[in-house]
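These notes are about the structure you will find just below.
The values are calculated or read from the model by the stated rules, or taken from the named source; none is laboratory data. None of the values given here were measured: they were computed from a predicted structure. Backbone-built Cβ (ideal geometry, glycine too); neighbour counts: all protein chains shown. Accessible surface is based on the protein model in full, side chains and every heavy atom, while ligands, DNA and RNA are left aside. Shrake-Rupley method; radii C 1.70, N 1.55, O 1.52, S 1.80 Å.
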Amino acid sequence: MQYGNVIMEHHQPAPSFLVQLLHSVPHINITLHRVNDTFNPNSTVYTESLGILASIPAALLIISLVFLLLYLLTRCCDRKPRKPKSHGCQKCTLIFFAIICCAAIGLGLYGNDDLHNGVLQIFGSGRKIEQLILNVRNQTEMVKHNLKSKVVLSELEQIFEQPPHRPNVTALYMLHDTVKMAKDNTTFAINALETIVYLTRPAYTDITLKSLLDTYEFYEELRWPITLGFLTFLLLLCIILMIGATRSSRCALIFFSVCGLLAVTVCWLLSGIYLASAVALGDFCMKPNDFICSHPKLKDVQYTYCSTVGTNRYVLRLNESKVHVDRAKESLETVTSIGMDLYPGIQISSKVNKINGELDDSKRQLTALSVMLDRRTVAEHYADATRSLCEGGLLGLTLMLLASLVSAAILSLLVCVDSHTWIYLTKKRPGYEDKAETTPLFPAGANASPAAPIIASGTMTVNRTLLHAQTATSNGSTGGAAGAGAGTGTLIPTSGRNGTTHGMRGASGHHTLGRLPSQHAPMMGPNNGKYATLSKQCKTLESNDFY
């Protein structure tokens, strides 16, 4: 179905550079052959080409996930210790690319706002056209009702049923015929208006402009806040990453690694959707009128916009109705002149003038409807909608596509570097040992007896009380001979509770560490017999063991 192609081409604006660029993207099918790039969503070949374009970012998603898996496997097998200073470069890399990712997300926010504003302008122009068609339908119904009730059903014929004052059969016959002609023309005018009402009341199978606007407006009310929330979530992820890299927080870095994988997946998938949508919109904006006027179920659009000046069905029916109203008015003028001659005593002119006034009002309303349905008036609304979609809306969608692609690539890199960073932050620094465990029991140069055995480093620590006691007794008198009942001087450590050593037991006597031996029972052995030799198996002495 074609509607005035020459005039449509004259009013169709030239496509922008962005539209031509997106339209030039190759459209290929599953066999990698070029297909027709004319916008036609009802064609399976065309939708197949768009699906192949959308699968390109999905393939990049699979490649990035496989690369990340192989990278993490190599990191798990890497046991080489890293110096703390080596993480500085990784942290700087994380912060730098996180800032770039924030800039890309900001570009996506800007594009989302542009697309939303463009779609809102489309809805505004569409609502104006919808309201225009609704007003035409309502006013047509009103004009039809007035003509039927006040002209066709008038009692004008009953007036001329009475015998005339001046018998004239020819004039009386002409009078009745003229009244009938006026009512017939009025009926023809009503029939033309009923055609307009029928055209403005679409069938159930037709896609009305109102249903399209309601459907897409509902989708836009969901799309805009969801996209805004997702981009805000990506910004928060980048901020968490920068905080974690600055403070060397493993929790923050691990959180970014987990959520970053989800974000990378969603970004690549959104890139595929945006790519297919942008290319399809570019194809549509190359020749938007061709698709709108060739759609078989968009009757409202076709009758108001696609038709030329002489083929608008609404205007044709309105003009037809006005012609019949004019003929009815001419017939009423004849009725008035003949009736006044035949019925001079009856006020015929007042009744005829009342009907004539109703015809004049109907004609004015029909003229106003013709101006409302003029193609130039409707084309202005369609031009605003097309310009909003193909300029602001397409630009916003393209910016969202670029932002999604850049964000997906940078987030993939950030997840790799972040995983490389927090994996090595979990390891302890090499050579880290407890200094308290490596302190020798008797440091070199200490004032000890030559006969005392050398204690290996790292075996035990000595209680401060024991060291003070040794210093105090090393300046006293030397031990004498072994007393009666004394043993051989070899002491064995005894274990108490908690694994601590409470004292030494000799072969034939008992002594407790922490107290000096009695003067009446001197002992022989190393360190003048005052302190026993500690074995390597002794555990660390605690201060509470002496009190």
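Quick one: is G106 under 29 Å from S248 (Cα atoms) and at pLDDT 90 or above? It is true that G106 is under 29 Å from S248 (Cα atoms) and at pLDDT 90 or above. Among the residues of the range 14-55, which ones are free of Cβ contacts under 8 Å to residues at least 24 places away in the same chain, in a loop (DSSP other than H, G, I, E, B), open to solvent by 40 Å² or more (accessible area, probe 1.4 Å) and more than 19 Å from S271 (Cα to Cα)? Once the filter is applied, which keeps residues that are free of Cβ contacts under 8 Å to residues at least 24 places away in the same chain, in a loop (DSSP other than H, G, I, E, B), open to solvent by 40 Å² or more (accessible area, probe 1.4 Å) and more than 19 Å from S271 (Cα to Cα), the range 14-55 yields A14, I30, T31, L32, H33, N36, N42. Take the conditions surrounded by 15 or more Cβ atoms within 10 Å (Cβ to Cβ), within 23 Å of I56 (Cα to Cα) and aliphatic (A, V, I, L, M) and apply them to A189. Does it pass? Here the answer is no, as A189 does not meet what is asked.
For I133, the test of being of a type in the set (A, V, I, L, M, F, W, C), in contact with a His (Cβ under 9 Å, 6 or more places away or on another chain), within 30 Å of G393 (Cβ to Cβ) and assigned to a helix (DSSP H, G or I) is failed. Number of residues in the range 105-137 that are more than 26 Å from T215 (Cβ to Cβ) and either more than 20 Å from the chain's Cα centre (by Cα) or open to solvent by less than 10 Å² (accessible area, probe 1.4 Å) (or both) equals 1.
Just name the residue that is farthest from G229 (Cα to Cα) out of those in the range 249-272 that are hydrophobic (A, V, I, L, M, F, W, C) and free of Cβ contacts under 8 Å to residues at least 60 places away in the same chain.
So, considering only residues that are hydrophobic (A, V, I, L, M, F, W, C) and free of Cβ contacts under 8 Å to residues at least 60 places away in the same chain, the one farthest from G229 (Cα to Cα) is C251.
Yes/no per residue for (1) open to solvent by less than 30 Å² (accessible area, probe 1.4 Å); (2) touching a His at 6+ places or on another chain (Cβ under 9 Å); (3) at pLDDT below 90; (4) not in a helix (DSSP H, G or I):
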position	(1), (2), (3), (4)
D361	no, no, no, no
V378	yes, no, yes, no
D384	no, no, yes, no
L402	no, no, no, no
V406	no, no, no, no
L411	yes, no, no, no
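Being without any contact (Cβ under 8 Å) to a residue 60 or more places away in the chain, crowded, with 17+ Cβ neighbours inside 10 Å and not charged (D, E, K, R) narrows it down to one residue among N356, N319; which is it? The conditions single out N356.
Does D341 count as open to solvent by 20 Å² or more (accessible area, probe 1.4 Å), part of a helix (DSSP H, G or I) and either touching a residue at least 40 places away in the same chain (Cβ under 8 Å) or in contact with a His (Cβ under 9 Å, 6 or more places away or on another chain) (or both)? Spell out the reasoning first.
Numbers: open to solvent by 20 Å² or more (accessible area, probe 1.4 Å): yes; part of a helix (DSSP H, G or I): yes; either touching a residue at least 40 places away in the same chain (Cβ under 8 Å) or in contact with a His (Cβ under 9 Å, 6 or more places away or on another chain) (or both): yes.
Here the answer is yes, as D341 does meet what is asked.
Within the range 244-260, the set of residues being touching a helix residue (DSSP H, G or I) at 6+ places or on another chain (Cβ under 6 Å) and open to solvent by 60 Å² or more (accessible area, probe 1.4 Å) comprises just one member, R250.
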